[in-house]
Amino acid sequence: MQLANRIRKVTPSITLAIDSKAKAMKASGVDVCSFSAGEPDFDTPEHIRTAAKNALDQGKTRYGPAAGVPELRSAIADRLYKDNQLEYKPEQIVVTNGGKHSLYNLMMVLLNEGDEVIIPVPFWVSYTEIAKVADATPVMVMTEEANGYKITPEQLEAAITPKTKLFVLNSPSNPTGMVYTPEEIKALAEVLLRHEQVYVVSDEIYHKILYDGATHLSIGATSRAMLERTIISSGFAKAYSMTGWRVGYLAGAPEIIKAATTLQGHSTSNVCTFAQYGAIAALTESQDCVETMRLAFAERREVMYQRLNAIPGVTCPKPDGAFYLFPNISQTGLTSMQFCDALLEEFQVALIPGIAFGLDTNVRLSYATDLTTIERGCDRLHKFVEKVLATQS
Ligand SMILES: *Cc1c(COP(=O)(O)O)cnc(C)c1O
């Protein structure tokens, strides 16, 4: 069968593939330590579940406006202002089926064939693939471990051409967990302001998951001029442990939001109505649940970070956000895929190969799992690396 060109150039998600392989091994009784999941291991907080259940009982089961329940759009606008000093009106927000769908909507309405999208490497798996579906050209910019895998203003400037339409910024980052400092954000904004055809999409889905006093500055909050060219992509999945709910949002210029709403009106229509009521509760009620989960992540991060850096030949900077570590394993002489395959086969530990994020020298570990699994998995990982290094010499 001859499928459409648009799908033939898209690579299936390696992260989802490895995660399902690990889950299948577990289901067949194998004792797998999985660090592959890109999602919190907590249940959605009770008050959020209750709000959705109540909405269901109150008959919030019908079609709603394609752009989302007005009360939710207002709650998102309020939060963006309160948390990130971003001034968006409710009309500048469209509720989507998760952050991934936000990015999809955005690229579909903003990009034309030949438009270039600057994506720092390592990157979250879907940025490049969505850009390709939108017929645009991903332009990958390699970052350096010494700079915390963050793009520098010089690198950004050098990558911009007259065809550049969009720059993808993700802080805190998946897969590295690194957070751009306010100074670094301001320096990137300065570069972008010199090129008026360039928009920035700021994927801020991890902005509430920060450690060691790190602060998150949204690039849209740096100036009025920058706000006009910033599109925020975010959602409820990570901070509120609502991955399966499929609720996210896009905030940006009215034309972009209107176009995304039109696209959504002919594709998904509104996001599940009662799920949106759960999201309203998430934003308007107590934020204590976010802090409780963050503290649990903080403790696990400390343990995993110490354990990884105790492994000979493995180097890993200490990230300030999200729930990932992204160690460099190049001293093993293995590609990231060989490393992950052998580790899963021989020691039953599931990681994601860095090649999925464009960097073959690294692997990604998620610490969104219990401390016992972290200790046991790190024991096995340590043994595995020692074994590989021993056979090398
Ligand atoms: C998880 C994630 C998303 C979006 O997740 P959804 O489940 O679609 O809301 C977007 N960007 C990054 C970097 C992520 O890790």
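Would you mind checking the radius of gyration and Dmax of the range 179-283 based on alpha-carbon positions, in Å?
15.6, 44
Can you list the DSSP H helices in the chain whose Cα atoms extend at least 20 Å along the helix axis and whose mean Kyte-Doolittle hydropathy is 1.6 or higher? Walk me through the intermediate numbers first.
Numbers: long enough: 70-84 (21 Å, -0.99); 288-309 (32 Å, -0.56); 371-392 (31 Å, -0.23).
The qualifying helices: there are none.
Which value, in debye to the nearest 20, describes the size of the charge dipole of the range 128-238 about its Cα centre when Lys and Arg Cβ atoms bear +1, Asp and Glu Cβ atoms bear -1, and nothing else is charged?
On the way: 10 positive and 14 negative charges, 67 e Å.
The dipole magnitude comes to about 320 debye.
Give, in whole angstrom and from largest to smallest, the semi-axes √(5λ) of the equivalent ellipsoid of the range 328-393, with λ running over the eigenvalues of the Cα gyration tensor. Please list the in-between numbers first.
Numbers: eigenvalues 68, 50, 16 Å².
They are 18, 16, 9 Å, listed from largest to smallest.
Using unit Cβ charges (K, R positive; D, E negative) and no other charged atoms, how large, in debye to the nearest 20, is the dipole of the chain about its Cα centre?
Using only the charged Cβ atoms, the result is roughly 840 debye.
Ranked highest first by the average count of other Cβ atoms within 10 Å around their residues, in what order do 54-62, 80-88, 225-233 fall?
225-233, 80-88, 54-62
Can you give me the distance in nm between label points at Asn54 and Ser20, each placed 7 Å from the Cα along the Cα-to-Cβ direction?
3.8 nm
Ignoring any ligand, DNA or RNA, what whole percent of the accessible area of the chain comes from carbon and sulfur when the probe is 1.4 angstrom?
On the way: 8770 of 16560 Å².
The computed percentage sits at 53.
Which FRET efficiency value, to the nearest 0.05, is calculated for Val10 and Asn112 with the Förster distance at 22 angstrom and r the Cβ-Cβ distance? All intermediate terms of the calculation are to be shown ahead of the outcome.
Details: r = 18 Å, r/R0 = 0.82.
E(calc), rounded to 0.05, equals 0.75.
Could you check the spin-label model distance between Glu183 and Gln331? Points 7 Å from the Cα along Cα→Cβ, value in nm.
3.0 nm
For Lys383 and Tyr63, FRET efficiency with R0 = 51 Å and r from the beta-carbon atoms, rounded to 0.05? Don't jump to the answer; show the numbers that get you there.
Working: r = 55 Å, r/R0 = 1.08.
The value I calculate is 0.40.
Can you give me the orientation-averaged projected area of the convex hull built on the Cα atoms of the range 264-393, in nm²? Before the final figure, lay out each step's value.
Numbers: hull surface 43.1 nm².
With every direction weighted equally, the projected area is 10.8 nm².
Under a crude label model (7 Å from the Cα following the beta-carbon direction), how far is Glu87 from Met142 in nanometres?
4.3 nm
I need to check one value: relative contact order of the range 46-284, counting alpha carbon pairs closer than 8 Å and at least 6 residues apart, in percent. Spell out each step's value before the answer.
On the way: 444 pairs, mean separation 72.4, N = 239.
So the answer I get is 30 percent.
What FRET efficiency would be calculated for the residue pair Thr391, Glu39, taking the C-beta separation as r and a Förster radius of 25 Å, to the nearest 0.05? The partial results should precede the final answer.
On the way: r = 35 Å, r/R0 = 1.39.
Taking R0 as 25 Å, the efficiency between Thr391 and Glu39 is 0.10.
State the antiparallel share, in %, of DSSP beta bridges confined to the range 46-284, rounding to the nearest 5. Walk me through the numbers on the way to the answer.
Numbers: 8 of 26 bridges.
Percentage antiparallel, nearest 5: 30.
When the distances between all Cα atoms of the range 46-284 are binned every 5 Å from zero, what whole-number percent does each bin get?
P(r) over the range 46-284, rounded to whole percents: 1, 7, 14, 19, 20, 17, 11, 6, 3, 1, 0, 0.
Accessible area per residue of the chain at 1.4 Å probe, in Å²? Show your work: numbers first, answer last.
Values: 16560 Å² over 393 residues.
Accessible area per residue, the chain: 42 Å².
Which aspartates and glutamates, if any, have their Cα less than 18 Å from the Cα of Lys9, not counting same-chain residues under 8 positions apart?
Glu113, Asp115, Glu116, Glu129, Asp135
To the nearest 20 debye, what charge dipole does the range 1-129 have about its Cα centre, counting +1 at the Cβ of each Lys and Arg and -1 at the Cβ of each Asp and Glu?
Dipole magnitude for the range 1-129 comes out near 420 debye.
The values are calculated or read from the model by the stated rules, or taken from the named source; none is laboratory data. None of these values were measured; they are calculated from a predicted model. Positions of Cβ are generated from backbone atoms using ideal geometry, with glycine treated the same way; all protein chains shown enter the neighbour counts. Ligands, DNA and RNA are stripped out before the accessible areas are found, and what is left, the full protein with its side chains, is counted by its heavy atoms. Shrake-Rupley method; radii C 1.70, N 1.55, O 1.52, S 1.80 Å.
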